[in-house]
Amino acid sequence: MTSLHEPVMELVRATLDPAAEQARSRIDSPACQVVVRAAEADIEAGGADNLHQLAVGAAWQQPA
């Protein structure tokens with residue numbers, strides 16, 4: 001089982017990836033690919049846990 005912060009850290013690393021600046025479309029963006037994988041996993045599971053976890057984790061990453 002993955003720890004709760006791993007998907008969020010994957011998203012943070014993806015936003016810092018130099019390829020993010022070179023992406024011509026959203027789907028080419030490493031951060032978008034992380035979100036798409038989470039959404040696809042949620043579709044398969046019939047829920048929204050992965051996207052919820054990313055949203056909550058991303059909110060915690062924002063400065064107050």
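Computed from the coordinates by the stated procedures, all read-outs in this text should not be read as laboratory data. As the structure is a prediction and not an experimental result, all values here were calculated from the model. For neighbour counting, all protein chains shown are included, and Cβ atoms are generated from backbone atoms with ideal geometry for every residue, glycine included.
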Using only helices, what value at 222 nm comes out for the chain when you add -39,500 (n - 2.57) per DSSP H run of length 4 or more and divide by the total residues, to the nearest 500 deg cm²/dmol?
-> -21000 deg cm²/dmol
Scoring the chain by relative contact order with C-alpha pairs under 8 Å, at least six apart, yields a percentage of 31
Quick one: dipole size for the chain, taken about the Cα centre, charges +1 on Lys/Arg Cβ and -1 on Asp/Glu Cβ, in debye to the nearest 20.
-> 180
In order through the stretch 17-27: 3J(HN,Hα) via Karplus (6.51 cos²θ - 1.76 cosθ + 1.60), integer Hz, x for Gly, Pro = 5, x, 5, 4, 6, 9, 5, 8, 9, 4, 5
With the dipole of the chain defined by +1 on each Lys or Arg Cβ and -1 on each Asp or Glu Cβ, the option from ALA39, VAL12, VAL56 whose Cα lies farthest towards the positive pole is VAL12
Cα Rg, Dmax (largest Cα-Cα span) when computed across the chain, Å = 12.1, 35
